[in-house]
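Undergrad: Starting off with a structure, shown below.
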Amino acid sequence: SCNLTINGVVNQSGIATLNNTATNATVAGFADGRHNWNVTCFDGTNSNTSETRLFTVDTTAPVLDNRTEQPIGPITYNSTQLYNFTINVTDALNAIDTVKLNFNGTFRTASAAGIRYNATFGPLAAGTYRYNWTANESLGNVNTTATFSYVVTQATPIINVSLIPSSIVTYGTTV
């Protein structure tokens, strides 16, 4: 028979198995985190312990926080303006797989610099835009922020009028 040891404690004992035969044992109830396990089998005379292996339990989605917009909205329309949206994304146990900005229905994959993710694009026409961030990590846990607004206001037109000649000229006026 065999014992299954998890994190240094015998979790199941007396598991019946035949020599050189794969045997399954189901265990549950582990907290999020990294765990180690091994199997020790006894044949009545000798015991043999397997190599210790690792597994990870992760039921927690990534954390998204510290969101910023550059320039800070509302902003007046500018035909050459680029917009930079950023957010911090962390996960205690696993690597972040993808981070996307859903900007008015268009998904943009963000680039990373450490835990800071950003998406830069533009220009934007005058209007009110809706956006949110979504992140998932390597085990598939996903988190999405609330939806936020970003406003680009219409620019006030500026008209410069130059009259030449710039002095007053009177033509053929009779009094």
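The values are calculated or read from the model by the stated rules, or taken from the named source; none is laboratory data. Treat the numbers as computed from the prediction; the structure is a model and nothing was measured. Cβ: placed from backbone, ideal geometry, glycine included. Neighbour counts: every protein chain shown. These area figures cover heavy atoms from the full protein model, side chains too; ligands, DNA and RNA do not enter into them. Shrake-Rupley method; radii C 1.70, N 1.55, O 1.52, S 1.80 Å.
Undergrad: Given the condition modelled with pLDDT under 95, within 25 Å of T59 (Cα to Cα), among the charged types (D, E, K, R) and touching a strand residue (DSSP E or B) at 6+ places or on another chain (Cβ under 6 Å), answer yes or no: does some residue in the range 122-143 qualify?
TA: Scanning the range 122-143, I find at least one residue that is modelled with pLDDT under 95, within 25 Å of T59 (Cα to Cα), among the charged types (D, E, K, R) and touching a strand residue (DSSP E or B) at 6+ places or on another chain (Cβ under 6 Å), so the answer is yes.
Undergrad: Hey, among the residues in the range 142-161 that are within 22 Å of A92 (Cα to Cα) and among the β-branched types (V, I, T), which one's surrounded by the most Cβ atoms within 10 Å (Cβ to Cβ)?
TA: Restricting to residues being within 22 Å of A92 (Cα to Cα) and among the β-branched types (V, I, T), the top hit is T145.
Undergrad: Shifting gears a bit: Residues of the range 9-55 being exposed (fewer than 10 other Cβ atoms within 10 Å of the Cβ), under 30 Å from A95 (Cα atoms), more than 35 Å from the chain's Cα centre (by Cα) and not hydrophobic (A, V, I, L, M, F, W, C), which ones?
TA: N24, E51
Undergrad: Scan T68, T60, T80 and give me the residue that is closer than 26 Å to F148 by Cα, among the polar types (S, T, N, Q) and modelled with pLDDT under 95.
TA: T60
Undergrad: Contact list please: Cβ distance under 6 Å, first residue in the range 3-18 and at positive phi, second residue among the hydroxyl-bearing types (S, T, Y) and open to solvent by 50 Å² or more (accessible area, probe 1.4 Å), pairs at least six apart or on different chains.
TA: Listed pairs, sorted by first residue: G14/S1.
Undergrad: May I pose another question? Could you figure out which of (1) hydrophobic (A, V, I, L, M, F, W, C); (2) in contact with a Gly (Cβ under 9 Å, 6 or more places away or on another chain); (3) closer than 30 Å to R34 by Cα isn't true of V142?
TA: All conditions are met except number (2).
Undergrad: Consider the range 70-119. How many of its residues are in a strand (DSSP E or B), more than 24 Å from V142 (Cβ to Cβ) and either of a type in the set (V, I, T) or open to solvent by 60 Å² or more (accessible area, probe 1.4 Å) (or both)?
TA: Number of matching residues: 3.
Undergrad: Something else: Could you grab me the full set of residues in the range 120-141 that are exposed (fewer than 15 other Cβ atoms within 10 Å of the Cβ) and part of a strand (DSSP E or B)?
TA: Within the range 120-141, T120, F121, G127, T128, R130 qualify.
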